[in-house]
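A.B. asks: Take a look at the following structure, please.
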Amino acid sequence: MEESEYVRHFSKLVQREREAQMKMHEQEMRTLSGEERERRGRAFLRMRGKYLGLGLGGKHLVKFTKQRSGEMLPESEIDVGDVVLVSKTSLWARENPTGTVAEKTKFSITVAFDEKPPKFVFGKDLRIDLFVNDITFQRMLDALKRFKHLPQRKKAIILGKASPEFAEIENAEIEKIEFFNERLNESQREAVLRSLSAEDFFLIHGPPGTGKTVTCVEIIAQLVRRGLKVLATAESNIAVDNIVEGLVKAGVNVVRVGHPARVVPALRERSLDFLVQHEEEFKQAQNLREQAFELKEKQKRFLMPEMKWRRGLSDDAILKLAEEGKTTRGIPKQVLREMSAWLKLKKRIDEIFERAHSLEQRAIERILNSADVICATNSTAGSEILANFRFDVAVIDEATQSTEPSSLIAVLKAERFIMAGDHKQLPPTVLSEEAAKKGLRKSMFERLLEMHGDKVRAMLRVQYRMNEEIAAFPNREFYEGKIQTAEGVKRRCLCDLLSPDFLLLRGKKQNAKEKEALAKIVLDCKPILFLDTAGLFKERTRKGSTSKENRGEAFLVSEIVKILLNAGIRPEDIGVISPYDDQVSLLRRLLPFASLEIKSVDGFQGREKEVVVVSFVRSNEERDIGFLNDLRRLNVSLTRAKRKLILVGDAKTLESNPCYRRLIHFYKQKNAFVRLGEDFSLLLR
């Protein structure tokens with residue numbers, strides 16, 4: 001692909017994706033109830049707002065909590081950096097402001113607004129809807145424009161027209177390397193060494209549980225030791241925070257740009273927002289802004305020089321006429337005096353804001369210049385705050401979850417780059433079918449690996465998450481059997497967590513026997529289990545939805561989770577996964593436990609739990625499994641559990657796909673396959 005074609009191609013795909021996201025959210029907001037949007041994780045209802053004052057960049061901060069004191073926010077897709085719409089009476093009222101989520105905790109979200117929002121935002125009975133993050137799209141488009149101005153060699157490397165180069169590392173030099181983390185295994189050390197020798201770029205392939213982020217942290221620390229300035233990014237805020245946490249432990253001078261998504265003191269104290277508050281110039285800037293806002297209130301007393309009053313007069317003409325006490329074009333002297341006063345105040349306000357901005361920028365630049373590593377999301381790497389900063393190396397975690405234009409934002413900021421990810425797990429999320437088909441779903445990581453092969457890749461080969469039986473099938477199916485299980489986790493199992501005095505769940509007399517039988521199956525110490533619903537429960541599509549749900553399967557999963565809870569497993573140690581949003585919504589209604597995570601497969605990538613229950617949903621006579629055919633989705637589902645993995649689905653339907661057929665055969669071989677009989681339908685009565 002030629003340079004101009006590359007820019008044109010991806011710019012078009014980014015626009016298509018932007019349009020698709022806007023259309024999806026607007027359509028949902030028009031057709032779904034607020035309650036349904038909240039169940040899907042795209043809105044918060046019954047909220048109250050509290051004004052916190054001014055934050056970084058003069059943004060107005062408002063903290064939103066549930067109206068009921070101490071009530072936790074429900075699981076949600078709304079995250080730091082997303083654009084949200086705040087409403088009270090009508091979703092489409094003109095006064096409804098949009099803002100950017102600046103911080104999120106279990107109990108609140110803080111939203112930053114460019115202008116002070118209307119008074120209703122500081123009241124109650126509010127609704128907050130996920131909107132579209134247009135800033136991210138603009139930054140991707142800006143990165144594509146800047147691609148044209150890269151040095152010719154770097155463009156050739158990215159386009160696959162030149163081979164990446166590596167510096168020779170002498171054995172003596174290798175032996176001298178002191179690792180910050182002495183517990184790194186051999187494959188992790190190899191990845192570090194090969195990354196350090198890369199003069200253009202390098203890829204770290206990190207299958208589930210192999211310590212991808214740990215390896216990235218070591219690479220960054222080694223680069224800093226060599227006197228290099230590093231930009232560390234990832235697609236999500238949580239992944240960025242994980243890097244920051246690791247760097248803080250390694251004693252690296254790191255600054256987090258953007259707001260940490262988790263409330264961890266060590267992270268908060270390394271955030272730019274926190275650090276800048278201690279700078280004298282920032283304090284002066286805040287005082288100046290307060291003065292400017294007082295003047296804006298005063299300005300409201302005077303007549304704004306709108307076209308109907310100024311009648312074609314320029315600002316200078318209005319000021320001169322008012323000063324001379326003259327009139328013209330039938331404009332009363334009093335009107336000219338008021339417009340003149342308004343203009344004078346505007347000039348003072350603009351000057352004060354400009355001075356405040358200048359002071360704040362000096363404070364910010366001092367902090368960022370003193371940092372060895374700056375951490376941010378890919379999108380934030382393209383923000384105005386970092387516009388004038390260049391780096392020696394960019395390290396991009398979660399690279400296989402980033403679209404190419406998103407990764408490009410970080411890539412353009414540095415001389416060379418290192419990416420870490422796993423192209424065998426889920427690709428970047430893309431709503432536009434056209435954009436997905438034409439290549440937006442393929443990450444830069446995957447494209448570069450296809451073009452350059454193993455010479456640019458190191459694979460991490462020891463996993464520290466799963467019992468070896470849980471890991472066995474995905475290892476064989478997706479990683480050519482190359483992954484080893486660390487000795488310390490090989491035999492970890494559910495029995496280690498069971499309460500010694502738990503009681504089996506008892507039901508009504510007519511189903512007590514079935515519940516007891518199910519509990520014995522679920523609580524068996526074997527780390528894997530496939531519960532075949534054997535066509536007992538059929539899938540359905542709700543009216544107006546494109547998703548799927550399976551009510552019988554959902555009730556069965558809820559019984560399984562209740563058995564686990566009754567046996568002493570903590571809600572926060574259990575994860576429930578389903579590929580379908582409607583099934584996730586149904587399961588959340590059936591299992592309203594605050595700390596229990598119930599998410600789509602896409603929402604669970606990068607997560608891990610002691611016990612994971614997967615609801616496959618699909619059960620039909622045609623044996624159609626839809627987008628379950630995307631086997632990367634299956635890989636993610638199978639690799640989240642540490643001690644126990646419970647799969648629930650209709651084997652006959654799933655076996656229409658050869659990979660699922662092999663999965664079911666594997667579970668049968670391990671005596672971990674149980675077919676439910678008709679009696680189990682009694683559980684749902």
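The values are calculated or read from the model by the stated rules, or taken from the named source; none is laboratory data. The model shown is predicted, which means the values in this text are computed figures rather than measured ones. All Cβ positions, glycine included, derive from the backbone under ideal geometry; neighbour counts span all protein chains shown. The accessibility values were calculated without ligands, DNA or RNA, using every heavy atom of the protein model including side chains. Shrake-Rupley method; radii C 1.70, N 1.55, O 1.52, S 1.80 Å.
A.B. asks: Can you tell me the length gained on complete extension of the stretch Lys296 to Arg226, counting 0.36 nm per residue apart and subtracting the Cα distance?
C.D. replies: 20.1 nm
A.B. asks: OK, next. Using the Karplus curve 6.51 cos²θ - 1.76 cosθ + 1.60 with θ = phi - 60°, work out ³J(HN,Hα) for each residue of the range 83-100 in order, rounded to whole Hz, and write x for Gly and Pro.
C.D. replies: 8, 10, 10, 9, 9, 10, 9, 10, 4, 10, 5, 4, 7, 4, x, 10, x, 10
A.B. asks: On a 0 to 90 degree scale, rounded to 10, what angle separates helix 658-669 from the longest Cα axis of the chain?
C.D. replies: 50 degrees
A.B. asks: Now for a different question. If the viscosity is 1.002 mPa s and the temperature 20 °C, what Stokes-Einstein diffusion coefficient in µm²/s follows for the range 340-495 when Rh is the Kirkwood radius over Cα pairs?
C.D. replies: Answer from the Stokes-Einstein relation: 109 µm²/s.
A.B. asks: Given +1 on the Cβ of Lys and Arg, -1 on the Cβ of Asp and Glu, and no further charges, what dipole in debye does the chain carry about its Cα centre, rounded to the nearest 20?
C.D. replies: That gives the chain a dipole magnitude of about 2060 debye.
A.B. asks: Separate question: Identify the residues of the range 374-407 with backbone N under 18 Å of a label point that sits 7 angstrom from the Cα of Ala250 along the Cα-to-Cβ direction, or state none.
C.D. replies: 374-377, 391-399
A.B. asks: Roughly how much of Thr546 is accessible, in Å² to the nearest 10, using a 1.4 Å probe?
C.D. replies: 140 Å²
A.B. asks: Long-range amide H contacts for Ala162: which residues qualify at under 5 Å (H placed 1.01 Å from N, peptide plane, sequence gap of 5 or more or a different chain)?
C.D. replies: When sequence neighbours closer than 5 places are left aside, the close amide H contacts are Ile157.
A.B. asks: Would you mind giving the average projected area, over all directions, of the Cα convex hull of the range 561-685 in nm² with one decimal?
C.D. replies: 8.2 nm²
A.B. asks: Short version: ³J(HN,Hα) in whole Hz for each residue of the range 577-582, in order, from phi by Karplus 6.51 cos²θ - 1.76 cosθ + 1.60 (θ = phi - 60°), x for Gly and Pro, what are they?
C.D. replies: 10, 9, x, 10, 4, 5
A.B. asks: For the chain, which whole-number percentage of the solvent-accessible area (1.4 Å probe, protein heavy atoms only) is attributable to carbon and sulfur atoms?
C.D. replies: So the carbon and sulfur contribution to the accessible surface is 48 percent.
A.B. asks: Label point 7 Å out from Leu91 along Cα-to-Cβ: which residues of the range 10-41 have amide N under 18 Å?
C.D. replies: Zone members listed by number: 19-41.
A.B. asks: Short version: what are the Cα gyration tensor semi-axes of the chain, square root of 5 times each eigenvalue, largest first, in whole Å?
C.D. replies: Working through the eigenvalues yields semi-axes of 49, 34, 23 Å.
A.B. asks: Find which of Ser271, Pro305, Ala239 sits farthest along the positive direction of the dipole of the range 225-313, computed with +1 on the beta-carbon of Lys and Arg, -1 on that of Asp and Glu, about the Cα centre.
C.D. replies: With unit charges placed on the Cβ atoms, the residue in question is Pro305.
A.B. asks: To the nearest 0.05, what FRET efficiency results for Glu450 and Glu19 with a Förster distance of 35 Å applied to their C-beta separation?
C.D. replies: The value I calculate is 0.80.
A.B. asks: What's the FRET efficiency of Tyr51 with Lys347 using the Cβ-Cβ distance as r and R₀ = 22 Å, to the nearest 0.05?
C.D. replies: The formula returns an efficiency of 0.20 here.
A.B. asks: Could you give the angle, 0 to 90 degrees to the nearest 10, between helix 551-566's Cα long axis and the longest principal axis of the Cα atoms of the chain?
C.D. replies: 80 degrees
A.B. asks: Now for a different question. From the phi angles alone, apply the Karplus equation (6.51, -1.76, 1.60; θ = phi - 60°) to the range 25-30 and give each ³J(HN,Hα) in whole Hz, x where the residue is Gly or Pro.
C.D. replies: 5, 5, 5, 4, 5, 7
A.B. asks: At 7 Å along Cα-to-Cβ for each site, give me the label-to-label distance between Glu323 and Glu306 in nm.
C.D. replies: The answer from the label model is 2.8 nm.
A.B. asks: Treating only the Cβ atoms of Lys and Arg (+1) and Asp and Glu (-1) as charged, compute the dipole magnitude of the range 78-168 about its Cα centre; round to the nearest 20 debye.
C.D. replies: Using only the charged Cβ atoms, the result is roughly 280 debye.
A.B. asks: So how much slack lies between Lys526 and Ala266, counting 0.36 nm per residue of separation and subtracting their Cα-Cα distance, in nm?
C.D. replies: 89.7 nm
A.B. asks: Further question: In nm², what is the average projected area of the convex hull enclosing the Cα atoms of the range 1-93?
C.D. replies: For the Cα atoms of the range 1-93, the hull's average projected area reads 9.2 nm².
A.B. asks: What does DSSP give for the range 50-174 in terms of the percent of beta bridges that are antiparallel, rounded to the nearest 5?
C.D. replies: 100 percent
A.B. asks: Something else: Given the -39500 (n - 2.57) contribution per DSSP H run of 4+ residues, what per-residue ellipticity at 222 nm results for the chain, rounded to the nearest 500 deg cm²/dmol?
C.D. replies: Here the helix-only value at 222 nm equals -12500 deg cm²/dmol.
A.B. asks: Let me ask another. By how many degrees, 0 to 90 and rounded to 10, does the Cα axis of helix 333-370 deviate from the longest principal axis of the chain?
C.D. replies: It is inclined by approximately 50 degrees.
A.B. asks: For the chain, give the share of DSSP beta bridges that are antiparallel, in percent and rounded to the nearest 5; count only bridges with both residues there.
C.D. replies: Among the beta bridges of the chain, antiparallel pairing accounts for roughly 35 percent.
A.B. asks: Here's something else I'd like to know. Roughly speaking, what is the stretch gain from Glu415 to Arg355, that is 0.36 nm per residue apart minus the C-alpha to C-alpha distance, in nm to one decimal?
C.D. replies: 18.2 nm
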